[in-house]
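The values are calculated or read from the model by the stated rules, or taken from the named source; none is laboratory data. All values reported here derive from a predicted model rather than from experimental measurement. Here the Cβ positions follow ideal geometry from the backbone for every residue, glycine too, while neighbour counts run over all protein chains shown.
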Amino acid sequence: MSEGLPEVLAAIEGVEGWLSEGQARCLFERAHAVEPGGAIVEIGSYRGRSTIVLARGADEGVTVFAVDPHGGGDRGPRQIRGAPEEGEADRAAFEANLARAGVAQRVTYLRLQSTAAINQVNHTVDLVYVDGAHRYAPALADLVGWGERVRPGGVMLVHDAFSSVGVTLAILRALAFGPQFVYAGRVRSLAEYRRAPMALGARARARNAARQLAELPWFLRNVAIKLALVMKLRRLAGTLGHDGSQLWPY
């Protein structure tokens, strides 16, 4: 159901989630680049904002998987723990939003933890979008486990990179100094990695690591903004660059 970005942005208007217009454009373009017969996997769907973008950007012959346990936990900023009824509400909203956007039949919904869902996807993956639990251990498991499924030349997009502490530490452990994924840049906190056709040599790995380490000042700025917001020091958050257009920097 490939179409233009303005129509897709209209389709996600009012759908809850943490995805800026620029980030939606990136997801849309990368999904559109996947050739028929390929596969897209989303880790962390919440209420379907990014799912709709991926599904409407992808061609009809592309399989789109949405992985989310919708158990009530890890629902968003400072919402690590939650009640099962919150997860049920998210699931109901997710399915209703996909139906309203006309993509319910385009998406294979796996209501599983991401580590369990790996066994349900019998494909190499052309595009994986990682926006699951932001704590270090599950984020690391997603980057390593799903990263292994990405085909050479494929793309891995990571949300809240160089913004969330857990996700950033996982990136430093799994990707920054590794031989497989080349850092291609970011749209705010949405980082893009491309799997190299062959293992990077020592010089290429050093250059790749340096590009990612150069994002650490921006990461520290985001952490400082979050601390200021938690402490209700909104003037300090503004001084650090938080414009108030969203509750949490992403």
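Some observations on this one:
- Residue pairs meeting the criteria (Cβ under 6 Å; at least 6 apart or on separate chains; first within 19 Å of residue 219 (Cβ to Cβ) and free of Cβ contacts under 8 Å to residues at least 60 places away in the same chain, in the range 151-168; second of a type outside the set (Lys, Arg) and assigned to a loop (DSSP other than H, G, I, E, B)): 161/189; 164/134; 166/134; 167/134; 167/160; 167/161; 168/162
- The residue of the range 117-150 that is surrounded by the most Cβ atoms within 10 Å (Cβ to Cβ), among those that are touching a residue at least 60 places away in the same chain (Cβ under 8 Å) and among the hydroxyl-bearing types (Ser, Thr, Tyr), is 129.
- Across the range 201-221, not a single residue is classified as more than 24 Å from residue 136 (Cα to Cα), in contact (Cβ under 8 Å) with a residue 40 or more places away in the chain and either surrounded by 19 or more Cβ atoms within 10 Å (Cβ to Cβ) or of a type outside the set (Val, Ile, Thr) (or both).
- Within the range 108-123, restricting attention to residues that are in a loop (DSSP other than H, G, I, E, B) and within 14 Å of residue 40 (Cα to Cα), the residue that is modelled with the highest pLDDT is 121.
- Restricting attention to the range 214-240, the residues being more than 25 Å from residue 175 (Cα to Cα), among the charged types (D, E, K, R) and outside any helix (DSSP H, G or I) number 1.
- Selection of the range 135-185 for residues being in contact with an Asp or Glu (Cβ under 7 Å, 6 or more places away or on another chain) and aliphatic (A, V, I, L, M) yields 155, 157, 167, 184.
- The residue that is nearest to residue 94 (Cα to Cα), counting only those in the range 1-35 that are part of a loop (DSSP other than H, G, I, E, B) and among the charged types (D, E, K, R), is 16.
- Failed item, numbered, when residue 53 is tested on (1) among the β-branched types (Val, Ile, Thr); (2) assigned to a loop (DSSP other than H, G, I, E, B); (3) surrounded by 23 or more Cβ atoms within 10 Å (Cβ to Cβ): (2)
- Unique match (being at pLDDT below 95 and either among the aliphatic types (A, V, I, L, M) or under 19 Å from residue 64 (Cα atoms) (or both)) among 133, 176: 133
- Cross-chain or 6+ apart pairs with Cβ under 7 Å, the range 9-22 first and within 13 Å of residue 51 (Cα to Cα), then among the basic types (Lys, Arg) and not in a helix (DSSP H, G or I): 15/47; 16/47; 17/47
- Matching option when the condition is under 27 Å from residue 155 (Cα atoms) and outside the structural domain of residue 127 (by TED's automatic domain parsing), among 207, 194: 207
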